[in-house]
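Inspection log for the structure reproduced underneath, given as structure tokens.
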Amino acid sequence: MSVATTANYLNAEKGIKSWLFTLDHKRIGLMYLFAVMTSFFLGGVFALLIRLELLHPGQDFFTADTYNQLFTLHGAVMIFLFIIPAIPAALGNFVLPLMLGAKDVAFPRLNLASFYIYVVGALFALYSIVAGAVDTGWTFYTPYSTTTSTSVISMTMGAFILGFSSIFTGVNFIATIHKMRAPGMTWFKMPLMVWALYATSIIQVLATPVLGITLLLLVIERTVGIGIFDPAMGGDPVLFQHFFWFYSHPAVYIMVLPGMGIISELVATFSKKKIFGYKLIAYSSLGIALISFLVWGHHMFTSGQSEFSSMVFSFLTFFVGIPSGIKMFNWLATMYKGRITFEAPMLYTIAFMFLFAIGGFTGIMLGAISIDIHMHDTYFVVAHFHYTMMGGTVIAFLGGLHYWWPKIWGRMYNEKLAKVAWAFIFVGFNVTFFTQFFLGSQGMPRRYYNYLDQYQPLHMYSTYGSWMLGVGFLIMAYYLIYSIYKGPKAPNNPWGALSMEWQTTSPPIQHNFEDQPVLEHEPYDYDTRMVVNDELIKKEDVKEKEDINV
Amino acid sequence: MDPNGSLIFPSQVSTIAPEVDALFDFILYLSIIFFILVVGGTFYFAWKYRKKGEDTFTKDLSHNNMLEVLWTVIPTILVFIIFVWGFKSYMKMTIPPDTSMEIKVTGQKWFWTFNYAEGATTTNELVVPVNQPVRLLMSSNDVIHSFYVPNFRTKMDVLPNRYTQLWFEATETGEYNLFCTEYCGKGHSEMIGKVKVLARADYDAWLAGAGNAGANMKPEEFGAKLYKDKACFTCHSIDGSPLVGPSFKGIFGRTEKMTDGSEITADENYIRESILEPQAKVVQGFQPIMPTYQGVLKDEEIDALIAYFKTLK
Amino acid sequence: MEQHNTATPHVLPLSLYFTVAGTLFVLTGITVAVSFVHFGEFNIIVAMLIATIKASLVALYFMHLKYDNKLFMAVFLSSLIFLGLFLTLTMTDTMHRGDIDPIKEHPIKKEAIIYDK
Amino acid sequence: MEQAEKHPSYLQHHFADMAQQTDAAKLGMWVFLVTEVLLFGGLFGFYTFFRAWYPEMFMEAHKYLDVTMGTTNTFVLITSSLTMALAIRAMQLGKKKQTIAYLAGTLFFAAVFLVIKYFEYSHKFHMGMLPGKFYTFEGIQAANPHIFFSVYFTMTGLHGIHVIIGMIIITWVMIRTMRDEFSPEYYNPIELTGLYWHLVDLIWIFLFPLLYLIG
């Protein structure tokens, strides 16, 4: 694969077996990366097909059944197979031990097991396409999911198994962060990405089992008819929604927290500035993790839950917005008086600020109960969560992918093409989803295969936007894959970053570091440290380079 | 979009709508201010502090307690205001006034049925008087549906084996869209009805006539009307193409193979049974998912439908 | 973090294990005996109280929580706290459905379809 | 690092010393136990909500569970927990034979637990007290008694699966003990198995009174 001259993790061992049975977190991370990108491609194709059908009202390309299966698959694949493992299991697996100065994660075998569990879960989920695709939506609401004749069981079993993969990653990361930090790296000298992964792992560990038991019960309900979710059997479908959202709301933060971690890294690195309010950002990650467990009922304002419940959940919901807001302000303040450069990762950072702000503000709107009553299950919600999930998480993921790409492969991608792809994605995204805010507030319900003529113009623009997005991702796929084979050799520290993963070679050697690294400076000490051409320059050594105020 | 509405919302037709929109506008303006502050700030800083010339060390600005407290406290106060405001209007839209009239709503795959206290029954068309609080007592016969009228800004899930309620007071006459917003399967996007808001006198006249709607029509015409009104078309075409159920084209006198292997010729008895007990005999190749119309259709209505089917050659 | 070196085992006296097991046996006996006396809702409180004491004994001594890294205790307690939050917040719904309109409190048909004869 | 003098075979390459490895493993296990608590937590939730909705039915239905068998099983499981704890203690002192004996004892009691559970289950099956739509028993007058048995079978069933998994793991560490893989310096796998086994006991400690005693 790589033709680098020195020994590194990519070429140290050869043959397919050395990959399939590897215990190296970097190789496992790469296998995950390959898997999640495949899922992203699949989910993306489903999305394009959905948008294609919605170009005009009425039946154009698919039947209603096919359409319902498409949006279910789009949701399930994107959420369970792509976005949840994307940053922690793929990128996180690769960078976490490097950032901590460790040789590996705490439990390498568990790490490999989690990958294969993911694969098994994915096969289950994809089998459901062959076995008569599910048409329940990724939320599996009862009693629809217990009565429909499609293959709900294989999909829910898939999600159940994927849950274990997610739990094992979380267990692994928690133990790693607690026990494997390099000498000198105290909790408040860790990179903020590590804090974000820590908070993410807490949610994974605490919330996923509840989804597990819920899906298991759904399977039992379908097979044996135990009757706890089925109103005809004396059960309660609203209870299912509580159980489901107890996981699935925190899951939103499993997705976005690591994205925020990436943004914290990027904004400091590309502003060459000490991160502003380090502790506040770290605590806000934990705060989000905690509060995210207390707000799930805001998905259920119209579900028939008690009014008291709606009040409590609406109240708590607003408090989850505050730590996110704090982070935004801190990133902004980090840019102040920085020395900003605009490589692709920084462009993604700016795009993140723009898109996530919109996602956040519309989240506040939806948190107010009376507005949510109108907006619930309309395209407004669809647009809102795409702005947070795609505009937030996916954009941050892409930023991180470009940022660590040279470290992963030892190759640079084509910066010009990266900027072109970024522009396509940024504009295409807004065209696709900003229109949907208006569709939603005008009353267009989600999961509609057919719609009234009055909504046609906006649907049309939205579909055009999705094509732009598709073109952007195609360009990206081209230059990234090209760079693996033909890209120019990357320096060890192309961005001049100070955290530990940049102190080893690109790509890293098999056990990450020649000697156990010891923390000498904090990850964001850009006021006294500078890296030029892989060389660390200390302020105390360079008297003539006093900080020039720009 | 709605010609009477704004860019964002469809026109306001209930007493609660202006309140919802006002809160929305409040948050919208706040959001625009903060958006300019944060995202505008991002662009401004990005341009102002872009790298000019050589690499340098940057300033050690790592925290500022005053600022950090400010941008924690101010948003907290603002969201608290939003919560109280939102909750107050929510309480208003939750508790129906004592003067409300009551209509029973049943959702099922994939149409709405409305039962009036006066005995009238309509399908997919809710007729209400203007300036009159109306309380809907809702339940579902199969899966969860959701009752949503964008112009009223109200929505409530309709659950099987549970009652939920929703109330509104329409402020302008006209016809408004009624959507199902909880995904309920194949016909979900066809589960669209109308809310007809009438002036009081028109409403009373309609109510008086609603009981004997087919009185002065030929049976086959009445049947054709019922085919439309009762939303049979969601599942049964009249052009021969199979949808969820078999087509009605040429149904009368047609011999079909059933799921149990027997063959049945569709006559009056069979059609009648299929409407009242749809699961008794199901045509091969179709799912046994049709709901019963027991209590929804009256005898003379079934007869009218049969008369209509006879015309579909 | 690293308060106590787990590389050298911390051996507890044999008598302690038997005392704990003995206490667990006795408590089991008590909770069964008490269940035959009817205190109404008080029965639940007593049973749960005894179960909690028993569980604490197992966790503290058999699972060595008392002697191990305090972090483990925090980890374990967090699971109970979050479980508590889950139950409490869900009960804001399940216990309050009829608050505004009593008709919403109960299912329309109380018996499940399997009892339809 | 400084531990270059000695790197025993059971110390994995990416750890600096035994203390780090043991502590990491234990922390990992405790975090995993948290997920187990929440997995069962969902079922405890069902118990709580449905008991609150149908208190009379729960009172009525729980009388059909066999308190004698339940109590016996509680004693059996506590004893197995004791032998598990003693197995670990024996290994801390390097007494290999004792460890094997105690582990075998734990396995034995676990088996007894399952046998008793089997008799309980078959009795319920026989009487038609099955979960959900298979429920045919007619002796209970309150509404929807099948839900109680749904809760009973899912809770004890999931617990039973955990007992079986525990038995497999105990057998595995027992074989490893026989192969002389453990010593007072390294007995981490037995310790972790113990933690898992005690948790299975802990869950039963709550299941028992909730289902058998107060219903």
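A quick yes/no check of all residues on (1) in contact with a strand residue (DSSP E or B) (Cβ under 8 Å, 6 or more places away or on another chain); (2) closer than 29 Å to D:ALA87 by Cβ; (3) in the same structural domain as C:PRO107 (by TED's automatic domain parsing):
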| residue | (1), (2), (3) |
| --- | --- |
| C:SER15 | no, yes, no |
| C:GLY29 | no, yes, no |
| C:PHE39 | no, no, no |
| C:ILE50 | no, yes, no |
| C:SER56 | no, yes, no |
| C:PHE62 | no, yes, no |
| C:VAL75 | no, yes, yes |
| C:THR92 | no, no, yes |
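The set of residues from the range B:268-302 being farther than 15 Å from B:THR123 by Cβ, surrounded by 16 or more Cβ atoms within 10 Å (Cβ to Cβ) and in contact (Cβ under 8 Å) with a residue 60 or more places away in the chain comprises just one member, B:ILE289.
Within the group B:LYS104, B:LYS155, B:LYS109, B:LYS186, which residue is among the charged types (D, E, K, R), more than 30 Å from A:PHE318 (Cβ to Cβ) and facing chain A (nearest Cβ under 7 Å)? So that I can check it myself, show each step before the final result.
Values: B:LYS104 fails: facing chain A (nearest Cβ under 7 Å); B:LYS155 fails: more than 30 Å from A:PHE318 (Cβ to Cβ); B:LYS109 fails: facing chain A (nearest Cβ under 7 Å).
Answer to the selection: B:LYS186.
Summed over the range A:23-41, the residues that are surrounded by fewer than 20 Cβ atoms within 10 Å (Cβ to Cβ) and of a type in the set (Val, Ile, Thr) give a count of 1.
With C:GLY29, C:GLY40 as the choices, which residue is away from chain A (no Cβ under 11 Å) and over 18 Å from the mean Cα position of the chain (by Cα)? Result of the check over C:GLY29, C:GLY40: C:GLY40.
Is the range A:261-268 home to any residue that is of a type in the set (Asp, Glu) and either farther than 20 Å from A:HIS376 by Cβ or out of contact with any helix residue (DSSP H, G or I) (no Cβ under 7 Å at 6 or more places or on another chain) (or both)? Looking for residues that are of a type in the set (Asp, Glu) and either farther than 20 Å from A:HIS376 by Cβ or out of contact with any helix residue (DSSP H, G or I) (no Cβ under 7 Å at 6 or more places or on another chain) (or both), one finds at least one in the range A:261-268, hence yes. A single entry from A:ASP135, A:ASP104 fulfils the requirement of being touching a residue at least 40 places away in the same chain (Cβ under 8 Å), within 9 Å of another protein chain (Cβ to nearest Cβ), surrounded by 21 or more Cβ atoms within 10 Å (Cβ to Cβ) and touching a Pro at 6+ places or on another chain (Cβ under 6 Å): A:ASP104. Within the option set D:VAL67, D:VAL37, being touching a residue at least 60 places away in the same chain (Cβ under 8 Å), surrounded by fewer than 16 Cβ atoms within 10 Å (Cβ to Cβ) and under 23 Å from the mean Cα position of the chain (by Cα) holds for one residue only, D:VAL67. Give just the number: which of (1) free of Cβ contacts under 8 Å to residues at least 60 places away in the same chain; (2) closer than 23 Å to B:ARG162 by Cβ; (3) in a helix (DSSP H, G or I); (4) not small (Gly, Ala, Ser) does A:ILE226 not satisfy? Here A:ILE226 meets the rest and fails (3).
Let me confirm something: among B:TYR44, B:TYR49, which residue is hydroxyl-bearing (Ser, Thr, Tyr) and more than 7 Å from chain A (Cβ to nearest Cβ)?
Values: B:TYR49 fails: more than 7 Å from chain A (Cβ to nearest Cβ).
Going through B:TYR44, B:TYR49 in turn, the sole match is B:TYR44.
Taking the range A:403-430 as the range and being in a helix (DSSP H, G or I) and under 26 Å from A:MET99 (Cα atoms) as the test, the residues that pass are A:TYR403, A:TRP404, A:TRP405, A:PRO406, A:LYS407, A:ILE408, A:TRP409, A:GLU415, A:ALA418.
Considering only the range B:52-75, state which residues are β-branched (Val, Ile, Thr) and facing chain A (nearest Cβ under 7 Å).
Restricting attention to the range B:52-75, the residues satisfying the condition of being β-branched (Val, Ile, Thr) are B:56, B:58, B:69, B:72-74.
Correct list: B:THR56, B:THR58, B:THR72.
Is there a residue being in a helix (DSSP H, G or I), more than 8 Å from every other protein chain (Cβ to nearest Cβ), free of Cβ contacts under 8 Å to residues at least 60 places away in the same chain and at negative phi anywhere in the range A:269-283?
Here is the first cut: in the range A:269-283, the residues in a helix (DSSP H, G or I) are A:269-271, A:278-283.
Narrowing the set further to residues that are more than 8 Å from every other protein chain (Cβ to nearest Cβ) leaves A:269-270, A:281-283.
Among the residues that remain, those that are also free of Cβ contacts under 8 Å to residues at least 60 places away in the same chain are: A:283.
Those left that are additionally at negative phi: A:283.
Yes - at least one qualifying residue is present in the range A:269-283.
Apart from one condition, B:ALA208 fits all of (1) out of contact with any Pro (no Cβ under 6 Å at 6 or more places or on another chain); (2) more than 14 Å from B:THR122 (Cα to Cα); (3) more than 13 Å from chain A (Cβ to nearest Cβ); the exception is (2). Per the listing B:GLU102, B:GLU172, B:GLU118, the residue uniquely surrounded by fewer than 24 Cβ atoms within 10 Å (Cβ to Cβ) and modelled with pLDDT under 90 is B:GLU118. Have a look at A:SER18, A:SER39 and point out the one that is among the hydroxyl-bearing types (Ser, Thr, Tyr) and at pLDDT below 95. So the residue among A:SER18, A:SER39 that is among the hydroxyl-bearing types (Ser, Thr, Tyr) and at pLDDT below 95 is A:SER18.
Conditions (1) more than 16 Å from the chain's Cα centre (by Cα); (2) within 8 Å of chain C (Cβ to nearest Cβ); (3) crowded, with 18+ Cβ neighbours inside 10 Å, marked per residue:
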{"position": "D:ILE168", "(1), (2), (3)": "no, no, no"}
{"position": "D:MET174", "(1), (2), (3)": "yes, no, yes"}
{"position": "D:GLU181", "(1), (2), (3)": "yes, no, no"}
{"position": "D:TYR186", "(1), (2), (3)": "yes, no, yes"}
{"position": "D:THR193", "(1), (2), (3)": "no, no, yes"}
{"position": "D:HIS198", "(1), (2), (3)": "no, yes, yes"}
{"position": "D:ASP201", "(1), (2), (3)": "no, yes, yes"}
{"position": "D:TRP204", "(1), (2), (3)": "no, no, yes"}
{"position": "D:LEU210", "(1), (2), (3)": "yes, yes, yes"}
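Here D:PHE46 clears all of (1) of a type in the set (Phe, Trp, Tyr); (2) away from chain A (no Cβ under 14 Å); (3) under 14 Å from D:LEU211 (Cβ atoms) except the condition numbered (2).
Checking the structure you have, find out if any residue of the range A:501-508 is more than 30 Å from A:ALA282 (Cβ to Cβ) and outside any helix (DSSP H, G or I). No: the range A:501-508 contains no residue that is more than 30 Å from A:ALA282 (Cβ to Cβ) and outside any helix (DSSP H, G or I).
With respect to A:GLY212, determine if the residue is at positive phi and touching a Gly at 6+ places or on another chain (Cβ under 6 Å).
Numbers: at positive phi: no; touching a Gly at 6+ places or on another chain (Cβ under 6 Å): yes.
Considered against the rule, which asks whether it is at positive phi and touching a Gly at 6+ places or on another chain (Cβ under 6 Å), A:GLY212 comes out as no.
Exactly one residue among B:ASP239, B:ASP202 is away from chain A (no Cβ under 14 Å) and among the acidic types (Asp, Glu), and that residue is B:ASP202.
The numbered conditions (1) surrounded by fewer than 18 Cβ atoms within 10 Å (Cβ to Cβ); (2) assigned to a helix (DSSP H, G or I); (3) aromatic (Phe, Trp, Tyr); (4) away from chain A (no Cβ under 14 Å) are all true for D:PHE137 except (2).
Among the residues of the range D:18-32, none qualifies, meaning not one is surrounded by 15 or more Cβ atoms within 10 Å (Cβ to Cβ), within 12 Å of chain A (Cβ to nearest Cβ), touching a Pro at 6+ places or on another chain (Cβ under 6 Å) and not in a loop (DSSP other than H, G, I, E, B).
Each residue in the range A:391-417 was checked for being closer than 30 Å to B:PHE80 by Cβ and not β-branched (Val, Ile, Thr), and 3 of them qualify.
Going through the range B:11-42 one residue at a time, which ones are within 23 Å of the chain's Cα centre (by Cα) and touching a residue at least 60 places away in the same chain (Cβ under 8 Å)? The answer is B:SER11, B:GLN12, B:VAL13, B:SER14, B:THR15, B:ILE16, B:ALA17, B:GLU19, B:VAL20, B:ASP21.
May I ask you to list the residues in the range A:303-324 that are among the hydroxyl-bearing types (Ser, Thr, Tyr) and either more than 24 Å from B:SER140 (Cβ to Cβ) or more than 12 Å from chain C (Cβ to nearest Cβ) (or both)? Break it down into steps so the answer makes sense when it comes.
First pass over the range A:303-324, keeping only residues among the hydroxyl-bearing types (Ser, Thr, Tyr): A:303, A:306, A:309-310, A:314, A:317, A:324.
Within the range A:303-324, A:SER314, A:THR317, A:SER324 qualify.
Suppose we keep only residues that are over 10 Å from B:ARG162 (Cβ atoms) and in a loop (DSSP other than H, G, I, E, B) within the range C:87-108. Which one would you say is nearest to the other protein chains (Cβ to nearest Cβ)? Let's see the steps before the verdict.
Step one: filter the range C:87-108 for residues over 10 Å from B:ARG162 (Cβ atoms), giving C:87-96, C:98-102.
Among the residues that remain, those that are also in a loop (DSSP other than H, G, I, E, B) are: C:95-96, C:98-101.
Values: C:MET95: 7, C:HIS96: 4, C:GLY98: 8, C:ASP99: 6, C:ILE100: 5, C:ASP101: 6 Å.
Checked the range C:87-108; the qualifying residue nearest to the other protein chains (Cβ to nearest Cβ) is C:HIS96.
The values are calculated or read from the model by the stated rules, or taken from the named source; none is laboratory data. Please read these numbers as outputs of a predicted model, since none were measured by experiment. With ideal geometry, Cβ positions are generated from the backbone for all residues, glycine too; neighbour counts draw on all protein chains shown.
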